[in-house]
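Accompanying notes for the structure given below.
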Amino acid sequence: MDVFAEKTHDAIPASGPAPAAPRRRPVRETPRAWNLSSLAGRLTEMSDSGAAPSLTAAAALILQAQQRGEPAAWIGFGNSIFFPPDFAEWGIDLEALPVVRVPDALAASRAADQLLRSGAFGLVVLDLKAEARMHMAVQSRLAALARKHHAALLCLTRKKRGAPSLGPLVSLHGEGSITRTAFSRFDWEIRMVKDKRGAPGWSHMESCRGTDGLC
């Protein structure tokens, strides 16, 4: 179950995305936090077992990217994808979010390569779901492109808690959980089980209101 809603903390004032303009490097923020600045230049994996907030966590980053004028893109395959009305309720401009649909995970990795190589995107979300496989050569190339263009590459995977990350080149790996706190209120949390820039074990949590279909 994924929850989409307005966040309870203050948001950054919105500014429309400008894909044609050179991307600005984001302002530095707390390095141990789930935000665009801390994920920039990194290959990040967010995993869950099917009842955790991967889509919500990804939506939070997409919204932040759009508010900063940092173009974001979504890559997915198969029949599963985010529910557009939920993203719209979150505040995401769907017209400014390119969605790339491909037949399989290999094609998804190739699409991520092209988007990152363009240098035009501040955030690329790669929805790998349960088919979470990525060869070492692919990881190396994508991680290098993310560093070169100071872009955040977020891989969403579906796996059991405690399962290893996609590979050694994953810089940050978080596991998600969600807790209902009231009839229509939820806390979603990401616990970092791997962090190559610091000690793992830290977490990020936000509270939100569930959409009408989930309350």
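The values are calculated or read from the model by the stated rules, or taken from the named source; none is laboratory data. Here the structure is a predicted model, which is why all the values come from computation and not from measurement. Counting neighbours? That spans all protein chains shown, and the Cβs are built from the backbone with ideal geometry, glycine included.
Based on what the data block shows, is residue 75 in contact with a Phe, Trp or Tyr (Cβ under 9 Å, 6 or more places away or on another chain) and modelled with pLDDT of 95 or more? Walk me through how you get there before you give the answer.
Numbers: in contact with a Phe, Trp or Tyr (Cβ under 9 Å, 6 or more places away or on another chain): no; modelled with pLDDT of 95 or more: yes.
Judged against the criteria, residue 75 is not a match.
So, residue 151, is that one touching a strand residue (DSSP E or B) at 6+ places or on another chain (Cβ under 8 Å) and at pLDDT 95 or above or not?
Considered against the rule, which asks whether it is touching a strand residue (DSSP E or B) at 6+ places or on another chain (Cβ under 8 Å) and at pLDDT 95 or above, residue 151 comes out as yes.
Scan (1) in a loop (DSSP other than H, G, I, E, B); (2) touching a residue at least 12 places away in the same chain (Cβ under 8 Å); (3) more than 17 Å from the chain's Cα centre (by Cα) for the single condition residue 166 breaks and write down its number.
In the conditions (1) in a loop (DSSP other than H, G, I, E, B); (2) touching a residue at least 12 places away in the same chain (Cβ under 8 Å); (3) more than 17 Å from the chain's Cα centre (by Cα), residue 166 misses (3) alone.
What is the number of the single condition among (1) modelled with pLDDT of 95 or more; (2) among the polar types (S, T, N, Q); (3) surrounded by fewer than 22 Cβ atoms within 10 Å (Cβ to Cβ); (4) closer than 26 Å to residue 191 by Cα that residue 80 does not meet?
Among (1) modelled with pLDDT of 95 or more; (2) among the polar types (S, T, N, Q); (3) surrounded by fewer than 22 Cβ atoms within 10 Å (Cβ to Cβ); (4) closer than 26 Å to residue 191 by Cα, the lone unmet condition for residue 80 is (1).
Within the stretch 38-65, count every residue that is among the hydroxyl-bearing types (Ser, Thr, Tyr), modelled with pLDDT under 95 and not in a loop (DSSP other than H, G, I, E, B).
So the answer is 4.
Would you confirm, using the coordinates I've provided, whether residue 112 is in a helix (DSSP H, G or I), over 11 Å from the mean Cα position of the chain (by Cα) and either of a type outside the set (Val, Ile, Thr) or surrounded by 22 or more Cβ atoms within 10 Å (Cβ to Cβ) (or both)?
yes
Okay, residues lined up against (1) farther than 19 Å from residue 190 by Cα; (2) touching a helix residue (DSSP H, G or I) at 6+ places or on another chain (Cβ under 6 Å); (3) buried (at least 19 other Cβ atoms within 10 Å of the Cβ):
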{"residue": "53", "(1), (2), (3)": "no, no, yes"}
{"residue": "56", "(1), (2), (3)": "no, no, yes"}
{"residue": "60", "(1), (2), (3)": "no, no, yes"}
{"residue": "64", "(1), (2), (3)": "no, yes, yes"}
{"residue": "86", "(1), (2), (3)": "yes, no, yes"}
{"residue": "93", "(1), (2), (3)": "yes, yes, no"}
{"residue": "104", "(1), (2), (3)": "yes, no, no"}
{"residue": "118", "(1), (2), (3)": "yes, no, no"}
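Hey, among 117, 197, 101, which residue is out of contact with any Leu (no Cβ under 9 Å at 6 or more places or on another chain), in contact (Cβ under 8 Å) with a residue 12 or more places away in the chain and of a type in the set (Lys, Arg)?
Exactly one residue qualifies, and that residue is 101.
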